[in-house]
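Data block below; observations after.
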Amino acid sequence: MKLKLFKNLKQIKGDASIRKFYRKKDKKKSSIIVFAKKEKIKNLLTYDAVNKILIKNKIYAPKLFLENFKNNFIEIEDFGNKTIYQIFKSKKKNKFFFFKKVINLLNKIQLIKDKKINNFYNKFYTIKAYKHKILFEEAKLFCDWYVPKNLSRNKISIFNRKLKKQLKFLISKINSKNDTFVHRDFHVSNMMYHNKKIGLIDSQDALIGNKAYDLASLIDDVRFKTANNLKNKIYNYYLKTNNKVKRDNFKNDFEILSVLRNLKIIGIFTRLAHRDGKKNYLKFIPYAWKLISLRINKNKVFEDLKKILTVNFSKQVKR
């Protein structure tokens, strides 16, 4: 059965990935068709496997209705059109009320102990560790894509050498072990509000990593601007609900991971614009810079990083 044989398909807005999404409707139900011709192991097979782990642990994630891996698609549960992001943008809702619900969801996710699950080919899928090498390669995307577009040729190699040294230094200063289920894109655009529940999507990149990573992804979300006092309230609510966390160590990891993540995002969004023609992502880069500045100004571990970024990238470039 090929995708074109489906009736009543309507393409819906996708994300930064190469996947395409369609809503399939009939009289009894609607569902979502996820189509991925490239990287289809990750985008179809792994996506469903991770969703199975979430569902097993009573996290609201899309169930699989049908797989047709041979023809590059799966059919999954439809959580509707409304993301938490859209709720925040369209109405003057009490944002902290929803963020508390999101933190409660994060707490449930971080209790997950399952690392293995049978995929729809009845083979084990194992969630891998978020190794320091992966963190480095992600942050290095800033060097690979943003730097060549914004520094003169004679400065690129010197700057990149210094930045890579700083990235390795910052990663070496991370305290906590990789022992927690990490969604990796845990932000309000990936949370659907459906049947008065928060459904989690886009989970195919999940790894076992640092407890602070998803919180940094949520609070320092480049797509959705929040005031610093709200960021602090969300952070403190997380600590209140996780009283066994060693606060100084956790704060250090949170800030380092936020900075590394936003360097990665600047690199990825530059790549999307120049390689893939998705220039609308460039509009998020100035806020990513603001988030980096917010974190590096409060921790001495960032002193050298702050110097090289300030020397090489003016305020005008960051805007």
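Every read-out reported here was derived from the displayed coordinates using simple, explicitly stated rules and does not represent laboratory data. The shown structure was predicted, so the numbers you read here are calculated from the model rather than taken from an experiment. Methodologically, a virtual Cβ is constructed for each residue, glycine included, from the backbone with ideal geometry; neighbour enumeration extends over all protein chains shown.
So the values come out like this:
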{"quantity": "Counted charge near ASP78, where neighbours are those whose Cβ lies closer than 11 Å (Asp, Glu -1; Lys, Arg +1)", "calculated": "+3"}
{"quantity": "Distance-filtered residues of segment 59-79 - backbone nitrogen under 18 Å, label point 7 angstrom along ASP26 Cα→Cβ", "calculated": "63-68, 74-79"}
{"quantity": "Segment 179-319: C-alpha gyration tensor shape, a/c 1.5 cut-off, then a/b vs b/c", "calculated": "oblate"}
{"quantity": "Sum of side-chain charges, LEU272 neighbourhood, beta-carbon under 11 Å (Lys, Arg +1; Asp, Glu -1)", "calculated": "+2"}
{"quantity": "Computed over segment 84-318, Cα set: Rg, Dmax in Å", "calculated": "18.1, 56"}
{"quantity": "Over segment 84-318, relative contact order from alpha-carbon pairs under 8 Å, at least 6 apart, %", "calculated": "24"}
{"quantity": "Theoretical gain in end-to-end length, VAL317 to SER152 [0.36 nm per residue, Cα-Cα removed]", "calculated": "58.1 nm"}
{"quantity": "Whole-number D in µm² s⁻¹ for segment 69-222, Kirkwood Cα-pair radius fed into Stokes-Einstein, 20 °C, 1.002 mPa s", "calculated": "117"}
{"quantity": "Efficiency of FRET between LYS168 and LYS128 - r from beta-carbon atoms, R0 25 angstrom, step 0.05", "calculated": "0.75"}
{"quantity": "Electrostatic dipole magnitude of segment 3-77 [Cβ: Lys, Arg +1; Asp, Glu -1; Cα centre; debye, to 20]", "calculated": "300"}
{"quantity": "Fewest-first ranking of ASP253, ASP48, using other Cβ atoms within 10 Å as the exposure measure", "calculated": "ASP253, ASP48"}
{"quantity": "Computed magnitude of the charge dipole of the chain (debye, nearest 20; Cβ of K, R +1, Cβ of D, E -1)", "calculated": "640"}
{"quantity": "Folded to 0 to 90 degrees: helix 228-240 orientation relative to the chain principal axis, Cα", "calculated": "70"}
{"quantity": "Relative contact order computed over segment 129-213 (Cα-Cα under 8 Å; 6+ residues apart), in percent", "calculated": "35"}
{"quantity": "Segment 202-319, relative contact order in percent, only Cα pairs under 8 angstrom and at least six apart counted", "calculated": "25"}
{"quantity": "Three-way shape label, segment 3-77, alpha-carbon gyration tensor, a/c 1.5", "calculated": "oblate"}
{"quantity": "Mean ellipticity per residue at 222 nm, deg cm²/dmol - from DSSP H runs of n ≥ 4 across the chain, formula -39500 (n - 2.57)", "calculated": "-13500 deg cm²/dmol"}
{"quantity": "Relative pair counts by distance (%), Cα atoms of segment 1-136, 5 Å bins", "calculated": "2, 8, 15, 18, 19, 18, 12, 6, 2, 0"}
